[in-house]
Amino acid sequence: MKWQVFNLNQIMTSLESGSRPRGGAILDSEGIPSIGGEHIGNDGKVRFNNLKFIPKDYYQTLNKGQIIINDILIVKDGATTGKTAFVSNDFPFNEAAVNEHVFIVRLNSKVINPKYGFYWLFSSQGQLQILSDFRGSAQGGITRNFVSQVKIPLPPISEQYRIVEILDQADALRKMRSDADTKAERILPALFIKIFGDPLTWTDVNTEPLGSLVNIQSGGTPSKKNPDYWDGDIPWVSPKDMKQDVIVDSIDHISQKAIEETNIRYVEPGAILIVVRGMILAHTIPLAIAATRITINQDMKALYPNCSAIDSIYLHAALKASSRRILSQVGTAGHGTRKFDTDELLKLPILIPSQEQLRKFQLAVTDCRASLAGISNTKEKLDKLFNTLLERAFSGELTAKWREAHIKELLAEMEAQAKALNLRNNGDYQQLSML
């Protein structure tokens with residue numbers, strides 16, 4: 001049995017992007033939520049932190065960009081281009097819109113289960129096809145033409161539902177693990193506050209400005225035009241790597257030649273890494289400790305404690321506990337990218353602990369991280385399982401036995417699919433052989 005393969009534009013009913021009133025979306029809680037690229041998570045879910053809003057009367061005049069259930073949202077430009085999310089039944093707003101940085105893909109539910117289409121676009125294969133249309137520099141993006149380049153293998157509708165059912169079950173396990181991780185991430189900040197108090201209550205009596213306690217180092221990016229700079233094993237950490245408290249490696253690597261011929265410098269173990277530019281700063285301040293010798297890109301800074309009163313473990317925890325105050329300093333740079341002023345960061349007050357408090361905290365952190373390591377291993381296994389299932393789903397392996405048991409009904413459905421799209425005999429589709 002063979003699956004037909006269609007271009008995305010053959011099986012969708014519309015492709016839209018949104019807009020905001022001149023001057024941007026309003027910032028208070030009144031109006032209609034405006035969903036941007038910063039609200040599309042790595043897990044295929046829509047985030048609702050730090051929402052902006054558009055006036056209701058403006059929303060009512062929109063003839064594009066209004067979100068409904070089963071829509072697929074794809075970031076169209078910037079550093080997170082291609083990120084994809086699905087608008088499920090638990091979407092918390094009756095009315096919402098995307099802004100000018102997000103596409104809405106709406107699929108023809110007569111021939112494709114929208115959730116199946118989402119899983120394909122979310123998969124590594126789908127992401128590669130979406131990004132094949134990427135144009136411009138690091139802040140470039142994709143055009144409307146991407147829908148004619150993305151090809152989707154289309155099994156019969158019943159088999160699509162079966163695939164979605166299996167992937168939903170695996171995704172539910174990931175969500176449970178993610179919820180547990182979110183709770184685990186609160187442990188260290190809560191422990192810090194229990195010992196040292198809430199940073200918002202610190203006074204000038206026992207604090208020093210961050211700038212007097214650290215040395216600061218900037219990062220950079222070797223020229224992409226020189227492949228020799230990128231043919232090495234030296235970790236080059238960027239914001240996309242800042243997803244854990246301790247950094248031991250990175251997605252990208254550079255060579256020793258890049259160190260010798262550019263202004264890139266090593267960041268030594270023990271440095272505190274902080275993202276100072278990027279859309280993630282709309283809701284989160286990524287912080288981590290370098291556990292090995294690395295380099296960093298220009299959207300990050302490295303902080304080194306320069307006195308005996310504090311160490312890296314304490315400083316990392318103090319900054320995480322102070323994240324609300326740091327977030328309040330975030331501004332907007334060109335292209336709508338978020339950033340904060342390093343000079344303002346260096347004014348942040350940091351409590352100087354007693355040596356007894358410091359030792360107590362260090363011991364508690366050691367025990368806590370040993371427990372969290374087990375949680376991290378479970379997360380990696382679940383992510384690996386989900387990605388394996390995604391790969392098997394679109395190769396036909398995941399539902400092979402189920403397909404054999406329902407072959408007669410599925411063949412009839414495939415005939416109906418072809419008729420619905422007026423493509424039965426005109427050769428406008430390809431076929432994908434199933435093993």
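Roughly how big is the chain's charge dipole about its Cα centre, with Cβ charges of +1 (Lys, Arg) and -1 (Asp, Glu), in debye to the nearest 20?
Computed about the Cα centre, the dipole is about 620 debye.
Using 0.36 nm per residue of separation minus the Cα-Cα distance, give me the extension gain between residue 298 and residue 194 in nm, one decimal.
34.0 nm
So if we plug the beta-carbon distance of residue 108 and residue 262 into 1/(1 + (r/R0)^6) with R0 = 41 Å, what FRET efficiency do we get, rounded to 0.05?
My answer for the efficiency is 0.25.
Return the inverse of the average 1/r over all pairs of distinct C-alpha atoms in the stretch 303-345, which is the Kirkwood hydrodynamic radius, in Å to one decimal.
Computed over the stretch 303-345, the radius equals 12.0 Å.
Which ³J(HN,Hα) values, rounded to whole Hz and listed in residue order, are derived for the stretch 58-73 from phi using the Karplus coefficients 6.51, -1.76 and 1.60 in 6.51 cos²θ - 1.76 cosθ + 1.60 with θ = phi - 60°, glycine and proline given as x?
My calculation for the stretch 58-73 gives 5, 4, 5, 8, 5, 10, 7, x, 7, 8, 10, 4, 6, 5, 10, 9 Hz in order.
Could you order peptides 256-264, 202-210, 216-224 by the average number of other Cβ atoms within 10 Å of their residues, highest first?
Those peptides, ordered most packed to least, come out 216-224, 256-264, 202-210.
Treating the stretch 188-353 as a set of equal point scatterers at the Cα positions, no solvent, please give the Debye-formula log₁₀ I(q)/I(0) at q = 0.13, 0.14, 0.18 Å⁻¹.
Log10 of I(q)/I(0), two decimals: -0.63, -0.72, -1.13.
From the residues 88, 352, 158, which one has its Cα farthest along the dipole of the chain in the positive direction, the dipole being from +1 and -1 charges on Cβ of Lys/Arg and Asp/Glu about the Cα centre?
Value computed over the given set: 158.
Excluding same-chain residues fewer than 8 positions from residue 115, which lysines have a Cα within less than 18 Å of its Cα?
Candidates past the 8-residue exclusion: 45, 83, 151, 175.
Under the Karplus relation 6.51 cos²θ - 1.76 cosθ + 1.60, θ = phi - 60°, what is the ordered set of whole-Hz ³J(HN,Hα) values for the stretch 3-19, x standing for Gly and Pro?
Those phi angles translate into 8, 6, 10, 10, 5, 4, 5, 7, 10, 10, 9, 6, 9, 9, 10, x, 7 Hz.
Using modelled backbone amide H atoms (1.01 Å from N, in-plane), which distant-in-sequence or interchain residues come within less than 5 Å of residue 237's amide H?
Under 5 Å from the amide H of residue 237 lie the amide H atoms of 295, 296, 297, each far enough along the sequence or on another chain.
Across the stretch 285-291, in residue order, what do the Karplus-derived ³J(HN,Hα) couplings come to in whole Hz, using 6.51 cos²θ - 1.76 cosθ + 1.60 with θ = phi - 60° and x for Gly and Pro?
Residue by residue, the stretch 285-291 yields 10, x, 9, 7, 9, 6, 8 Hz.
State, to one decimal in nm, how far the label point of residue 309 lies from the label point of residue 131, with both points 7 Å from Cα in the Cβ direction.
Simple spin-label model gives 4.4 nm for this pair.
Where in the stretch 1-19 does the label zone of residue 400 land, with the point 7 angstrom along Cα→C-beta and an amide N cut-off under 17 Å?
Backbone N within reach: 1-3.
Just going by the charge dipole of the chain, with Lys and Arg at +1 and Asp and Glu at -1 on Cβ, which of 223, 108, 295 is farthest out on the positive end?
Farthest along the dipole direction, towards plus: 108.
Suppose only helical runs count, i.e. DSSP H with n ≥ 4. What mean residue ellipticity at 222 nm does that imply for the chain under -39500 (n - 2.57) per run, divided by all residues and rounded to the nearest 500 deg cm²/dmol?
Result for the chain, helices only: -10500 deg cm²/dmol.
Amide H of residue 6: which non-local residues (sequence gap of 5 or more, or other chain) have their own amide H closer than 5 Å, using H built in the peptide plane?
The answer is 152, 154.
In debye, nearest 20, what is the charge dipole magnitude of the stretch 61-194 about its Cα centre with +1 on Lys and Arg Cβ and -1 on Asp and Glu Cβ, if you could check?
140 debye
When the distances between all Cα atoms of the stretch 55-182 are binned every 10 Å from zero, what whole-number percent does each bin get?
11, 37, 36, 16, 1
So how long is each side of the chain along the principal axes, counting just the alpha-carbon atoms, biggest first, in Å?
79, 51, 45
Run the dipole for the stretch 188-353 about the Cα centre, Lys and Arg Cβ at +1, Asp and Glu Cβ at -1, nothing else charged, and hand back the magnitude in debye, nearest 20.
In total the dipole reaches around 460 debye.
Taking the C-alpha atoms of the stretch 49-93, how large are the radius of gyration and the largest Cα-Cα span, Dmax, in Å?
When restricted to the Cα atoms of the stretch 49-93, Rg and Dmax are 12.4, 32 Å.
Any read-out appearing in this document is the output of simple, stated calculations on the displayed coordinates, not a laboratory observation. Keep in mind the model is a prediction, meaning the values are calculated, not measured. Every residue, glycine among them, receives a Cβ derived from its backbone with ideal geometry; neighbour counts consider all protein chains shown.
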